Amino acid sequence: MANQAAELAQTVAKKSEQVQQAQPATHEFDINQVPLSHVALGDFPYISLPSGYMSNGEPETKRFARFPFWVKGQAHWVEGRFYLVNVYPENEGEYSPYEVRKNLEAQVEQMGGVKVSEEQIPYDTVKSWGDEITMGFIKGLGDVYSTSVMANVYLVRRDDGNIWIHFAQGTTQGGIIVGQEKAFQQTAQLLPASEMKKQLDSAGKVALQVKFATDKTDILPDSQPQIEQVMQLLKDDPSLKLAINGHTDNSGEAAHNQTLSEGRAAAVVAALATKGVASTRLAAHGYGDSQPVADNATPEGKAKNRRVELVKQ
């Protein structure tokens, strides 16, 4: 009897485990369960800081980027426009994360939104996102490496683009990121070898929008077709020699921008050299942010200043 009872208990436990494994997770996030908001809104980013708080420096905007909002243990990647702000008390006053959060939640409620998650983001997860996020969104990311910081995420679900809000409340300061979903629209066009030749013949130089990893010298895969066109340009004219000049916008220190521009120019030269272009036909130079072609005060101007120029030698 004892053996039968033990066997029965094991069978029941096994069946119970199988049932639990078969049941779908109840904590998974379903955006369709969030009610649509039809509230009339003002201008992006739709929120403001409460009285007695300020940003340490100017808030930052991104015309188009992506960010992983942490919702119920998963990264929910959102593409669109973003607003980043860090939150400090004015006049060295007291920072109350509760006060900031309550004010933010009141605004979200007025917008027709809801809170969808409040969790600590695992350290290894944050690190895995790389510099694109940890450096590119540092203004509003908050000290998410600290075990005491919770990532509060809010959602305003809308037909004209869902609005996501990340708030890392911290103990001495906070960080807020507002992102509104927006479909990608291609604005940069591939410059064919024939057009590059025309500009080199008429102006002696041509600017290319070669894309690199954020704050790095790695050429992104979607810029490889442009590198191929430069290769074709050199192939069509075996006597052509080019200076590859790197330029940056004015984000960051001048010395860092100088080094970055030199590295990016060298990366383009290296990419062409691996395809068989003789090193005697190419020379890499970097000019940092010293030669802007547009106003660095706007995102559009910064984008134009981040360029690689081919100069006929």
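Would a scan of the stretch 258-266 turn up a residue that is aliphatic (A, V, I, L, M), part of a helix (DSSP H, G or I), on the phi < 0 side of the Ramachandran plot and in contact with a strand residue (DSSP E or B) (Cβ under 7 Å, 6 or more places away or on another chain)? Within the stretch 258-266, one or more residues are aliphatic (A, V, I, L, M), part of a helix (DSSP H, G or I), on the phi < 0 side of the Ramachandran plot and in contact with a strand residue (DSSP E or B) (Cβ under 7 Å, 6 or more places away or on another chain).
Considering only residues in the stretch 296-313 that are touching a Ser or Thr at 6+ places or on another chain (Cβ under 9 Å) and surrounded by fewer than 17 Cβ atoms within 10 Å (Cβ to Cβ), the one that is nearest to Asn245 (Cα to Cα) turns out to be Ala303. Given the condition modelled with pLDDT of 95 or more and closer than 25 Å to Thr61 by Cα, answer yes or no: does some residue in the stretch 263-284 qualify? Within the stretch 263-284, one or more residues are modelled with pLDDT of 95 or more and closer than 25 Å to Thr61 by Cα. Within the stretch 141-198, restricting attention to residues that are acidic (Asp, Glu) and closer than 22 Å to Ser48 by Cβ, which residue is farthest from the chain's Cα centre (by Cα)? Selected residue: Asp160. The single condition from (1) over 21 Å from the mean Cα position of the chain (by Cα); (2) more than 23 Å from Asn56 (Cβ to Cβ) that Gly80 fails is (1). For residues in the stretch 210-223 being surrounded by fewer than 17 Cβ atoms within 10 Å (Cβ to Cβ) and touching a residue at least 24 places away in the same chain (Cβ under 8 Å), which is nearest to the chain's Cα centre (by Cα)? If we take residues in the stretch 210-223 being surrounded by fewer than 17 Cβ atoms within 10 Å (Cβ to Cβ) and touching a residue at least 24 places away in the same chain (Cβ under 8 Å), then Thr214 is nearest to the chain's Cα centre (by Cα).
Could you list all residues from the stretch 224-258 that are surrounded by fewer than 19 Cβ atoms within 10 Å (Cβ to Cβ) and farther than 22 Å from Arg281 by Cα? The answer is Asn250, Ser251, Gly252, Glu253, Ala254, Ala255, His256, Gln258.
Put simply, of Ser146, Ser117 the only residue that is farther than 27 Å from Lys211 by Cα, at pLDDT 95 or above and polar (S, T, N, Q) is Ser117. A single member of Lys216, Lys139 is within 30 Å of Ala40 (Cβ to Cβ), at pLDDT below 95 and out of contact with any Phe, Trp or Tyr (no Cβ under 9 Å at 6 or more places or on another chain), and it is Lys139.
Residues in the stretch 136-158 that are among the small types (Gly, Ala, Ser) and without any contact (Cβ under 8 Å) to a residue 24 or more places away in the chain: Ser148 alone.
Filtering the stretch 120-135 to residues that are touching a strand residue (DSSP E or B) at 6+ places or on another chain (Cβ under 7 Å) and in contact (Cβ under 8 Å) with a residue 60 or more places away in the chain leaves Trp129, Ile133. I'd like the full set of residues that are among the polar types (S, T, N, Q) and buried (at least 19 other Cβ atoms within 10 Å of the Cβ), limited to the stretch 259-287. Correct list: Ser261 only.
Have a look at Gly246, Gly204 and point out the one that is modelled with pLDDT of 95 or more, on the phi > 0 side of the Ramachandran plot and either out of contact with any Cys (no Cβ under 9 Å at 6 or more places or on another chain) or not assigned by TED's automatic domain parsing to the domain that holds Asn103 (or both). From the options Gly246, Gly204, the qualifying one is Gly204. Annotation note: Cβ proximity below 8 Å between a residue of the stretch 177-199 that is farther than 28 Å from Phe137 by Cβ and a residue that is of a type in the set (Phe, Trp, Tyr) and part of a strand (DSSP E or B) (sequence gap 6+ or interchain) occurs for no pair.
The values are calculated or read from the model by the stated rules, or taken from the named source; none is laboratory data. Since this is a predicted model, take the numbers as computed values, not measurements. Here Cβ is always computed from backbone atoms with ideal geometry, including for glycine, and neighbour counts include all displayed protein chains.
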